[in-house]
1. Output the residue which, of all residues in the range 29-43 that are within 14 Å of the chain's Cα centre (by Cα) and closer than 13 Å to Met77 by Cβ, is surrounded by the most Cβ atoms within 10 Å (Cβ to Cβ).
2. List, please: which pairs have Cβ atoms under 7 Å, are six or more places apart or on different chains, and start with a residue in the range 73-93 that is under 17 Å from Lys50 (Cα atoms) and end with one that is among the hydroxyl-bearing types (Ser, Thr, Tyr)?
3. Out of everything in the range 24-54 that is closer than 14 Å to Lys81 by Cα and of a type in the set (Asp, Glu), what residue ends up being modelled with the lowest pLDDT?
Amino acid sequence: MRDLSEMRQEIDSIDEKIRLLFLKRMTIVNEIADYKMSQDMTVYDSSREKQVIEKNISKIEDPLFQEYYHEVLNTIMKVSKEYQKYLIVRSTL
């Protein structure tokens, strides 16, 4: 059995990667918001969201992990949509 501190260090390393990828994703979300504003598009695209979720969930074999990852994806998308809305509102001020 591995040492708890070793496992926690590994989690810390994973969290660092998640943080960096989150920042990269939000930078792209900003670009998407700019594009949507210039094209007079809405923030929410249900077909795209469904496609992203299904594509990613299908790559996980364990049904329990699928369920939890579905929640992760929903949260990420919720945050992304909220940020896009914020950017759009801010641009109109």
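The values are calculated or read from the model by the stated rules, or taken from the named source; none is laboratory data. The structure displayed is predicted, hence computed values, not measured ones. Using ideal geometry, Cβ is built from the backbone for each residue, glycine included, and neighbour counts are taken over all protein chains shown.
1. Val29
2. Lys81/Tyr44
3. Out of the qualifying residues, it is Asp45.
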